[in-house]
Protein chains: 2
Amino acid sequence: MKLRLGSTLTLLCLLLGGPALAEEGLRDKAKGLFAPIPQTAPGAPGETTPEKIALGKMLFFDPRLSENQDLSCSLCHNPSLAGVSGQFLSSGRHGELGGRNVLTIFNAVFNGSQYWDGRAAGLKEQVEASVMSSPAALLKTRGGPMAVPAATTASAKQHVIERLKTIPGYVDAFKKAFPDAADPVNYDNVARAIAQFEATLITPDALFDRWLKGDDAALSPAQVQGLTLFIGKGCGGCHNGVNLGGSGYARFGVAQSPSVELLPPDDWGRAAVTKKVEDKYAFKVPNLRNVELTAPYFHSGATDDLKEAVAVMASTQLGVTLAPDEIASIEAFLKSLTGRPPQIVLPVLPPNPPRAQAHSAN
Amino acid sequence: MKLRLGSTLTLLCLLLGGPALAEEGLRDKAKGLFAPIPQTAPGAPGETTPEKIALGKMLFFDPRLSENQDLSCSLCHNPSLAGVSGQFLSSGRHGELGGRNVLTIFNAVFNGSQYWDGRAAGLKEQVEASVMSSPAALLKTRGGPMAVPAATTASAKQHVIERLKTIPGYVDAFKKAFPDAADPVNYDNVARAIAQFEATLITPDALFDRWLKGDDAALSPAQVQGLTLFIGKGCGGCHNGVNLGGSGYARFGVAQSPSVELLPPDDWGRAAVTKKVEDKYAFKVPNLRNVELTAPYFHSGATDDLKEAVAVMASTQLGVTLAPDEIASIEAFLKSLTGRPPQIVLPVLPPNPPRAQAHSAN
C-alpha cells in the first residue's frame, strides 16, 4: 500500500530505483505524523464573525489594556517578528521581565494548550490570564509589588472594563461584535474577541506543507534528509500534528539532564499547574512552525542557536548525540516550516474621551 | 475680488443675501491662512524611493533599535493612535518618562521644525536625535544613569549599526535602499530611511480640506462659526499653514501666565536651544491636524480636554475669555481637521542571526 504501485510515476521511479520511491515512503510516514497548516483560519462555527475579529485586532494592538497604557499584546507577540518578542525574556509592566521566553502567537490556535506549562486550555483562556498577569498587567498602582495577589484580579478586570467603557469607539465595536449581549463590554468578551483575532494569525504555504501535499521539489535533498532524521531519531514522537508540537508535555531531561542555564532549577514547569511530582520539569512540547524565526529557544530562552537547540533536544530528550551533518540537515528541515506570515493592516484605535468629561458622566 | 462676482452661484447667493456669501468671503480668508494636506506625500525629489520607504518602515517598527530591544518609534508615535502615545508623558527606556508630551508623527513632514523646542530642523534630524535620546535609547548598559553624556552618543550609534549589520535581512534592505553607497548600513542612512517612511504618514481629506477646496457642505454651521472665530479671535495668527501650526514659536503666556501644571517652571522650552532669554517659555506652535485624536495637550500634557485647551490658549496667548458657545464652536471646527489616516501594513522584520554565529563572524 505504501508503495502506491498504481501510480505510473512512482512505478517508473521504482523501476529506476532510488530517491523518489524513498520520498514517497517518507511522505506517507510524514502524513501519518504531520498535517499542513490550512489556507484559512479555523474559526469556531457560529462564534467567529468579522466584527469580533475587528474588535479583537483593535484590542490586541491597544496599549490601553495595560496599567500604564504602554504595553499591548502585540509588543511581546509581535506580528512583525513571527509572533514573538525576539528577546531572551520579555519586558512587561515597568520593564519587569517575564519568567519564561514568550511563545509565538502564530498558529497558536492549533496548539492543544497555551503557555509553556499548559495552564490555559485555549486562546481565550490565555488572553484572560495574560492581560491579568504580571508582567503586562493592569493590577496595582505604579511601584507596587510585582506578584499578583489573586484578590486583586477581579478589580483589575473591572479596571480594564471601566476604561474601555469610557471610549465610545469601543462601546460601539463591542455592540457590533456581540449584538445579542445586554452589556457587551465585559472581560469575557475582551478575551473572546482577542482570541478570535489571534486565531487568524496562521502561516500557511510552508515549503514542508507544499511537500506534504505532493510537491517533491519543495524540499531540498538536505531538507528531505533532515525530515528523515527528524522522524527516524524520534523527534516526531513529540513534535507532531499540524504544529509539530504545541500539545503534549515532556520532562526536559528525559534521557540526560540539561544544564542549569537551560533548565533553571526553580522553574518546575507543568508541576506548578498539576501539583504532581511526576510533572516536575515537564514543559509543553513547543510548536516548531516558523522556528527559525522564533529564537531564542526553550522556556528559559537560553540559546538562540537553532543548531544548538537541536543538539540539546537530541541529547536531553532522546539520548542521542547527533553528528554535525545530521544537525545541519535537521536545521535545514526545520527551516522548511516557515510559512507565509499574515498580512496585518494596523487598526485605527478609537480615541479616549477627555478624562474630565468621562468623570462627570453618570 | 473677494466677492467673486463672476461666479453665478455666488451672485445668486449675493442676490438672495446671506450665508453663502459670508462663507465665500470666509473661504478666501481661510485660503490665505491655510492649505489642504496634499493627496500624496511630498517626497524629496531624487531622494525618496520605495526601497528607502520600505526600509524606513521596518526600522520604524523595530524594537531592536532600542537598548533593551523593547522600544520602537511606533510605540510613542503609534500610528494606531493618530501618531501619538495617548499618554500624559511617554515611557521610554526602563519605563522612564519622557520630559514632554509626544508630538504626532502624522503630517510632521509639513512642520517647519520638529520637537516642542524646535531643536531638530527636519524629520531626519528628529530621528537621529530620538533614537539616541533617553528615553527610547540605546545608550548604556542596563541600570546606567538616564542622562546621556554626549561622549557616549558616537558609541551608541555604533552599537545600533553593529546590531543592524548582524541581521542579513537588514544588510540586504540597506543595499537596496542605498545602492550607490559603499557601506550603506550607517546611522545617517537609518535616519534618512525612517524619515522617508514618516513622510508618508499624512492624513488628507479632512472635512476642513474639502471645505477649503470648495465643498460648502463639508463643514457644519457650528464648524463654520468655529472657523470664523478661529480666524477672528487671532488663533490663525500662529496656527496657520498646511498644519495649522508646526512651524513658528510662541511664548506660552504672552497675555496671561498659565498655571504651573500647564507650564512647569523648570522647562524653559526654546531657550534651551537658542540660549536666548527672550525664548524662555517659548514653544513651537503645535500642528493642529487631527487634534481631537492627539490628547493630551500642551508640552506638559496637562489637559486632555480639547475645550479646556482652547480656553487656555485664548486666555494665555490672546488675552481673550471665550464664552462656552464660542469654545464649543471652535472645538467643532478643530474636529474638522481630522483626516484619513494612512493605511499601514505591518512590516515583516528580518530575523536575528544566532548570537554565537554573529560573534564568531569576522
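What follows draws every value from the coordinates through simple rules; no lab data is involved. These figures come from a predicted structure and were not determined experimentally. Here Cβ is always computed from backbone atoms with ideal geometry, including for glycine, and neighbour counts include all displayed protein chains.
Taking a 18 Å limit on the Cα-Cα distance, which of the listed pairs A:K157/A:K275; A:K57/A:K335; A:K57/A:K176 fall beyond it? Don't skip to the answer; put the middle values down first.
Numbers: A:K157/A:K275 27 Å; A:K57/A:K335 28 Å; A:K57/A:K176 14 Å.
The pairs that break the limit, which is 18 Å between Cα atoms, are A:K157/A:K275; A:K57/A:K335.
Hey, with R₀ at 22 Å, roughly what FRET efficiency would A:A328 and A:L33 work out to, going by the Cβ-Cβ distance, to 0.05?
Numbers: r = 22 Å, r/R0 = 0.99.
Rounded to the nearest 0.05, the efficiency is 0.50.
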> Over the stretch A:202-359, what is the mean sequence separation of C-alpha contacts under 8 Å (at least six apart), divided by residue count, expressed as relative contact order in percent?
Replying inline: 33
> Which residues' amide hydrogens lie under 5 Å from the amide hydrogen of A:A120, considering only partners 5 or more residues apart or on another chain, with H built in the peptide plane?
Replying inline: A:Q114
> Label points 7 Å out from Cα along the Cβ direction at A:S220 and B:N68: separation in nm?
Replying inline: 3.9
> Points 7 angstrom from Cα along the Cβ direction at A:S155 and A:R340: gap in nanometres?
Replying inline: 5.0
>> Could you compute the net charge surrounding A:A191? Neighbours are other residues with a C-beta less than 9 Å from the C-beta of A:A191; K and R count +1, D and E count -1.
In response: -1
> Could the peptides A:104-112, A:296-304, A:121-129 be put in order, highest first, of the mean number of other beta-carbon atoms found within 10 Å of their residues?
Replying inline: A:104-112, A:296-304, A:121-129
> What list of ³J(HN,Hα) couplings, whole Hz, do you get for the stretch B:155-169 from phi and the Karplus terms 6.51, -1.76, 1.60, once you set θ to phi - 60° and write x for glycine and proline?
Replying inline: 6, 5, 4, 4, 5, 4, 5, 4, 5, 4, 5, 7, 9, x, x
> Put the label 7 Å from Cα along Cα→Cβ for B:A129; what are its distances to the other copies, in nanometres, shortest first?
Replying inline: 4.6
> Any idea what the relative contact order of the stretch A:247-337 is, in percent, if you count C-alpha pairs under 8 Å spaced at least 6 apart?
Replying inline: 31
> Near A:K29, which lysines are there with a Cα under 19 Å away, not counting those fewer than 8 places off in the same chain?
Replying inline: A:K2, A:K213, A:K233
>> Amide H of B:A282 versus every other amide H placed in the peptide plane: which residues, excluding those fewer than 5 positions away on the same chain, fall under 5 Å?
In response: B:F252, B:R270, B:A271
> Could you give, in nm with one decimal, how far B:D172 is from each other copy of that position, shortest first, with labels 7 Å out from Cα toward Cβ?
Replying inline: 4.2
>> From the phi angles alone, apply the Karplus equation (6.51, -1.76, 1.60; θ = phi - 60°) to the stretch B:236-241 and give each ³J(HN,Hα) in whole Hz, x where the residue is Gly or Pro.
In response: x, x, 9, 8, 9, x
> Long-range amide H contacts for B:N78: which residues qualify at under 5 Å (H placed 1.01 Å from N, peptide plane, sequence gap of 5 or more or a different chain)?
Replying inline: B:G83, B:V84, B:S85
> Principal axis lengths of the stretch B:175-230 from Cα atoms, whole Å, largest first?
Replying inline: 59, 19, 10
>> Taking beta carbons within 10 Å but only from partner chains, what does the mean come to for residues A:335-342?
In response: 1
> So what J values fall out for the stretch A:66-81 if you push phi through Karplus, 6.51 cos²θ - 1.76 cosθ + 1.60 with θ = phi - 60°, rounded to Hz, Gly and Pro as x?
Replying inline: 9, 3, 9, 6, 10, 10, 10, 3, 5, 6, 8, 9, 6, x, 7, 10
>> For a test of the definition: using alpha carbon positions, the gyration tensor, and the 1.5 limit on a/c, classify the stretch A:297-344 as rounded, prolate or oblate.
In response: oblate
> Put a dot 7 Å past each Cα toward the Cβ at B:K165 and A:E278; how far apart are the dots in nm?
Replying inline: 5.5
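Label the stretch B:157-254 by shape, choosing from rounded, prolate and oblate, from the square roots a ≥ b ≥ c of the eigenvalues of the Cα gyration tensor; if a/c is under 1.5 it is rounded, and otherwise prolate applies when a/b is larger than b/c, oblate when it is not.
Values: a/c = 4.68, a/b = 2.42, b/c = 1.93.
Because a/c hits 1.5 or more and a/b exceeds b/c, the stretch B:157-254 counts as prolate.
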>> What does the C-alpha gyration tensor say about the overall shape of the stretch A:33-73? Classify as rounded when a/c is under 1.5, otherwise prolate if a/b is larger than b/c, or oblate.
In response: oblate
>> Can you give the local net charge around B:A44? Use residues other than it whose beta-carbon is closer than 12 angstrom to its beta-carbon, Lys and Arg +1, Asp and Glu -1.
In response: +2
>> Using a Cα-Cα cut-off of under 15 Å, which aspartates and glutamates could be cross-linked to B:K307, ignoring same-chain neighbours fewer than 8 residues away?
In response: B:E292, B:D325, B:E326, B:E331
